[in-house]
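Take a look at the structure set out below.
The values are calculated or read from the model by the stated rules, or taken from the named source; none is laboratory data. Not measured: the values here are computed from a predicted model. Positions of Cβ are backbone-derived with ideal geometry, glycine not excepted, and every protein chain shown enters the neighbour counts.
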Amino acid sequence: MDVEKDPLLQCLVLLTEQNNRPRSAQVLTEGLPLDDGRLTPKLFLRAAARGGFAAKLAQRRLDEISNLLLPAVLLLENEKACILQRLDVDKGEAEVLQPESGGVARLSIEQLEQAYTGHILFLRPEYQFGDSNSRALNDRDGHWFWGTLWRSARIYRDVLLASVLINLFVLANPLFVMNVYDRVVPNHAVETLWVLAIGVLVVYLFDFGLKMLRAYFIEVAGKKSDVLLSARLFEKVMGLRYDAMPSSVGAFASNLREFESIRNFLSSTTNTVLIDIPFMLLFLVVISLIGGPLVVVPALAIPAILIYALAVRPSLRRAIERTFSSTAQKNGTLIESLTAMETLKTQRAASPMQARWEEAVGYIARWGLRSRMLSSSVVSFAGLVQQLASVLLVIGGVYMIMEQDLSMGGLIACVILSGRAIAPLGQVASLVANYEQSLKALKTLDEIMALPDEHEAERRYLHRPELKGGIDFQAVDFTYPNTEYGALKGISFRIQPGEKVALIGRIGSGKSSIQKLLLGLYKPSEGAISVDGIDLNQIDPSDLRRSVGYVPQDVMLFAGSVRDNITIGLPKASDAQILQAARLAGVETFVNQHPLGFDMPVGERGGALSGGQRQAVALARAMLHDPSILVLDEPSNSMDNASEDYLRRQLKDFAKQKTLLMVTHKMSLLDLVDRLIVIDGGRVVADGPKDSVLEALKQGRLQVRR
């Protein structure tokens, strides 16, 4: 990452150093959607949180800034920035820290104002609690979901106000009808009719405008929350500890996609129903004022519908949960089938997958039918109750009219108001179904948000901008998650900076597990791992991996060009860097033969390239940022002899000053190393100079002393 071209990032790095909590640029920006490789003011707020700051973007004149709020970052013209350290308005001087030089300069306020855009970033160091529980309780953002919704509290306040007025306007229609029947018709008061008609027309126009505004506000709040929650959710997924990742990628993706149901619940018309339900009490009060005892009919109808809906809810919840789980299973089957289509076809394994798919689909159909029938029953019951209520109101109203306790217009108004009071309950079924679906999705996403982060918030990492490459494993035991058999047992060895070491052994002996532990993808069950004498738990994973070039045994490429895949971890790499990495890895040999060159498409998962070509791209990707540690897992197992020989010669020169830890079964690549560690059954059975270990293995001895 070219920090020098990003003044905002430079300022933030300097501020972390000033506050005795230094962070590297990589740590501060890891996973953020940078704009052309740079921080924007909005992204600065998120990066500052990673550095232990609460940040706020504001608009201030220089003479309005208090020294109590300094240091702060000033946004300057031409996308520049500086740190304002002190301001002396009386003397007309300002003390600024320039990120380009790292030095302090004194400027006149007039000079600074010429470059100042009027926007400033205030920062406040967050208090460091001693334990994670205290931190969680004092998180300024609160719950990841409800805290985000609270940011739209003002919009929802306006929605509530609009709903109050809309429900008050509902009274216009029955009152208009009542007055027409009771006053206009008997007295032939045509002038009064037109006055009432104009008045109710004005109310309807206001009602239309308010409904449109309410719908707009709900959509705006939903969109705002959707953007913030989606970003936070994906950032959480990207920051998960590798050993905490769910075993089924398809089911995990399905659970993440259930966020759509929460978003729909927030922005759909069910929200307006939810808001309108409390106003049923208002309509009941008006009915009691007009029709007196007739209010008993809707007053009994409303709880009858609610009781039925609540009685159905447990069965509906169970049906939705079963559908939810089976949908995740179905999606897992789909993802597995699509990613392993070649294997399914060549191994004639389509039948078992088809059976799994049809079983999941049948299960979903059965429980989906049950949930839809339960929802429909609530709608039908609400319609039945509403019809019965109308009939009972008319019957009761006729008796009251005969007793001259109610007018004809009053009866019609009561029927209209009763229908309006009960109408929202007709949609309570969809509301309950959406609520249960959203609640289940929220619980699932809560479980995901509770998974451990790779960057532990309560841990204060040691700032390591560069690593020399010393590696030390001390009595390390390791067992993969959800397994009982230990992959590593008491592994101990030490590698000096610049040393070249190969791990050899049988398939499944634990060689790749050692490399994954070194990369921080997993944590040891027992023992300790240190790099340059520092425990791996004390080094930020971003700092660690910036210094490690890793090539896995199973190479994964992303849809795009060869250039995109080489620069995926360093998108602002120069052409010279790309060319050098491509030459070292042997990518040039096939790129130069393609008319598109480095823009040659690799296909999804690298399907347009051969296995050897994919390995070459992965090697170039690892070499691009010139790491101090190279971790290679079978780097040439898919290459032909000529490509492997070329790679061996290039690696020998490239890794001269670097630590090399390589897993290989090929004798030709052992020319790159001076030392062999033999792993068998998760244990070190031999460790020593290459020639001595090879001779010992040849003679059948199990262990070699150095």
Complete set of residues in segment 41-52 that are surrounded by 17 or more Cβ atoms within 10 Å (Cβ to Cβ), at pLDDT 85 or above and out of contact with any helix residue (DSSP H, G or I) (no Cβ under 7 Å at 6 or more places or on another chain): L43, L45, R46
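Residues in segment 83-93: is at least one among the hydrophobic types (A, V, I, L, M, F, W, C) and surrounded by fewer than 18 Cβ atoms within 10 Å (Cβ to Cβ)?
yes
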Members of segment 72-100 that are in a loop (DSSP other than H, G, I, E, B) and within 19 Å of L39 (Cα to Cα): Q98, P99, E100
Some residue of segment 544-556 being within 26 Å of the chain's Cα centre (by Cα), surrounded by fewer than 21 Cβ atoms within 10 Å (Cβ to Cβ) and hydroxyl-bearing (S, T, Y): yes
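Residue-wise test of (1) charged (D, E, K, R); (2) at pLDDT 80 or above; (3) assigned to a helix (DSSP H, G or I).
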site	(1), (2), (3)
G362	no, yes, yes
S390	no, yes, yes
I401	no, yes, yes
G409	no, yes, yes
C414	no, yes, yes
R420	yes, yes, yes
N434	no, no, yes
I448	no, yes, yes
R460	yes, no, no
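Kindly establish whether A487 is in contact with a Ser or Thr (Cβ under 9 Å, 6 or more places away or on another chain), loosely packed, with under 15 Cβ neighbours inside 10 Å, in contact (Cβ under 8 Å) with a residue 40 or more places away in the chain and closer than 19 Å to L521 by Cα. Steps first, please.
Numbers: in contact with a Ser or Thr (Cβ under 9 Å, 6 or more places away or on another chain): yes; loosely packed, with under 15 Cβ neighbours inside 10 Å: no; in contact (Cβ under 8 Å) with a residue 40 or more places away in the chain: yes; closer than 19 Å to L521 by Cα: yes.
The answer is no for A487.
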Yes/no for S438 being within 46 Å of the chain's Cα centre (by Cα), under 30 Å from T327 (Cα atoms), surrounded by fewer than 18 Cβ atoms within 10 Å (Cβ to Cβ) and modelled with pLDDT under 85: no
Subset of segment 282-325 that is among the hydroxyl-bearing types (S, T, Y) and either touching a Lys or Arg at 6+ places or on another chain (Cβ under 9 Å) or touching a residue at least 60 places away in the same chain (Cβ under 8 Å) (or both) - its residue that is farthest from S376 (Cα to Cα): T323
Positions within segment 448-464 being closer than 17 Å to Q26 by Cα and in contact with an Asp or Glu (Cβ under 7 Å, 6 or more places away or on another chain), in sequence order: H455, Y461, R464
Residues located in segment 319-367, provided they are under 19 Å from T444 (Cβ atoms) and of a type in the set (S, T, Y): T323, S325, S326, T327, T333, Y363
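Only one of S325, S288 is out of contact with any helix residue (DSSP H, G or I) (no Cβ under 7 Å at 6 or more places or on another chain) and assigned to a helix (DSSP H, G or I). Can you tell me which? Walk me through it before giving the result.
Working: S288 fails: out of contact with any helix residue (DSSP H, G or I) (no Cβ under 7 Å at 6 or more places or on another chain).
After ruling out the rest, the residue left standing is S325.
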Within segment 75-107, tally of residues that are in contact with a strand residue (DSSP E or B) (Cβ under 6 Å, 6 or more places away or on another chain) and polar (S, T, N, Q): 2
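Considering each residue of segment 371-404, count those that are polar (S, T, N, Q) and without any contact (Cβ under 8 Å) to a residue 40 or more places away in the chain, and give that number. Before the answer, list the steps.
Here is the first cut: in segment 371-404, the residues polar (S, T, N, Q) are 371, 375-377, 380, 386-387, 390, 404.
Adding the requirement that they be without any contact (Cβ under 8 Å) to a residue 40 or more places away in the chain leaves 380, 387, 390, 404.
So the count comes out to 4.
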Odd one out for K516, checked against (1) out of contact with any Leu (no Cβ under 9 Å at 6 or more places or on another chain); (2) farther than 24 Å from Q26 by Cα: (2)
Scan of segment 379-393 for residues that are crowded, with 16+ Cβ neighbours inside 10 Å and over 30 Å from E321 (Cβ atoms), ordered by number: Q386, A389, S390, L392, L393
Test set (1) over 32 Å from the mean Cα position of the chain (by Cα); (2) at positive phi - G603 fails condition number: (1)
Boolean, K211 is without any contact (Cβ under 8 Å) to a residue 60 or more places away in the chain and of a type in the set (D, E, K, R): yes
Complete set of residues in segment 202-236 that are aromatic (F, W, Y) and either outside any helix (DSSP H, G or I) or over 29 Å from D446 (Cβ atoms) (or both): Y204, F206, F208, Y216
Residue in segment 342-354 that is part of a helix (DSSP H, G or I), surrounded by 14 or more Cβ atoms within 10 Å (Cβ to Cβ), small (G, A, S) and modelled with pLDDT of 80 or more present: no
Conditions (1) under 23 Å from I679 (Cα atoms); (2) surrounded by fewer than 23 Cβ atoms within 10 Å (Cβ to Cβ); (3) touching a strand residue (DSSP E or B) at 6+ places or on another chain (Cβ under 7 Å): number failed by M662: (2)
Any hit, segment 57-65, residues being surrounded by 14 or more Cβ atoms within 10 Å (Cβ to Cβ), at pLDDT 85 or above and polar (S, T, N, Q): no
Residues of segment 1-38 satisfying the condition of being over 17 Å from P71 (Cβ atoms) and either at pLDDT 85 or above or of a type in the set (D, E) (or both): D2, E4, D6, E30, D35, D36
Test set (1) in contact (Cβ under 8 Å) with a residue 60 or more places away in the chain; (2) outside any helix (DSSP H, G or I); (3) farther than 30 Å from K523 by Cα - H594 fails condition number: (1)
Tabulated pairs, segment 547-576, first on the phi > 0 side of the Ramachandran plot, second hydrophobic (A, V, I, L, M, F, W, C) and in a loop (DSSP other than H, G, I, E, B), C-beta under 9 angstrom, 6+ apart or interchain: G560/I568; G560/V602
Residue among S509, S513 that alone is polar (S, T, N, Q) and outside any helix (DSSP H, G or I): S509
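If you take the residues in segment 105-164 that are within 30 Å of Q85 (Cα to Cα) and among the β-branched types (V, I, T), which one is modelled with the lowest pLDDT? If you could, list the steps in order and put the result at the bottom.
Pass one, segment 105-164, residues within 30 Å of Q85 (Cα to Cα): 105-130, 135, 138-141.
Okay, now just the ones that are also among the β-branched types (V, I, T), so 109, 117, 120.
Values: I109: 83, T117: 87, I120: 89.
Across segment 105-164, the extreme among qualifying residues is I109.
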Every residue from segment 538-565 that is assigned to a loop (DSSP other than H, G, I, E, B) and either within 28 Å of F590 (Cα to Cα) or at pLDDT 85 or above (or both): S547, P552, Q553, D554, V555, M556, L557, F558, A559, G560
Checklist (1) exposed (fewer than 13 other Cβ atoms within 10 Å of the Cβ); (2) over 27 Å from L281 (Cβ atoms) applied to M212, failing item: (2)
